Amino acid sequence: MNDLEKIQSNWETFEKLCQRLSDDNLNSLLESLGERIIMTPASTRRDQYGCFPGGLIQHSLDVTMTMRKLNDTLDMGVTTGSILKVGLLHDLGKVGGLDAPLFLEQDSEWHRDKLGQLYKFNEDLSRVSVSHNTLFLLQHFGVRLTREEWLSIQLAPGSHFEENRFYVGHEPSLAILTQQAKSIVVHREKLENKH
């Protein structure tokens, strides 16, 4: 399967899983931002996870599958709907604003060659964390979240961020699943890239 076929296959899977949530507002979000979501990378540098067109979707699918496996294995009792919603959408803020992408192709040969930075941040966008931007986009389109889903998206980047330290020791099970799944997926990709 070539790269474009993989991107298309991942998008079809992502869309199908989102449709299982039976949320017209989420469908509207996908219709509005879908083209950008499809091609958005998950990271800016080659040595980070998902630094390629379609990396966001690939990462989100991997995190969702890992969340489901952890939930089943550890008998955490988190609903499939919440796992799908948070796993698939937790990094949606990487798509950028309503009308502009967060990541632009790096136009500096030096940054690409010396730093492995294939993408750069769009300086025309207001600064906002990925989790806050994700929550903004979801509320803009009217995608409803439970308190645990909202917290899990906020806490997805990890408790080492200052804004998330307040919740340490009080995270809902869904947030623990999300954080652990992200860590496992990122670690697994690093191992694969070493070979």
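The values are calculated or read from the model by the stated rules, or taken from the named source; none is laboratory data. From a predicted model like this one, the values you see are computed outputs, not experimental measurements. All Cβ positions, even for glycine, are placed from backbone atoms using ideal geometry, and neighbour counts span all protein chains on display.
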Going by what's in this entry, would residue 57 be described as under 23 Å from residue 193 (Cβ atoms) and of a type in the set (A, V, I, L, M)?
yes
Matching entry among 108, 159 (being at pLDDT below 90 and hydroxyl-bearing (Ser, Thr, Tyr)):
159
Extreme residue, farthest from residue 148 (Cα to Cα), among residues of segment 28-81 that are buried (at least 18 other Cβ atoms within 10 Å of the Cβ) and among the hydroxyl-bearing types (Ser, Thr, Tyr):
44
Between a first residue in segment 96-123 that is in contact (Cβ under 8 Å) with a residue 60 or more places away in the chain and surrounded by 12 or more Cβ atoms within 10 Å (Cβ to Cβ) and a second residue that is acidic (Asp, Glu) and not in a helix (DSSP H, G or I), which pairs have beta carbons less than 8 Å apart while being 6 or more apart in sequence or on different chains?
116/47; 118/105; 119/105; 120/105; 120/107
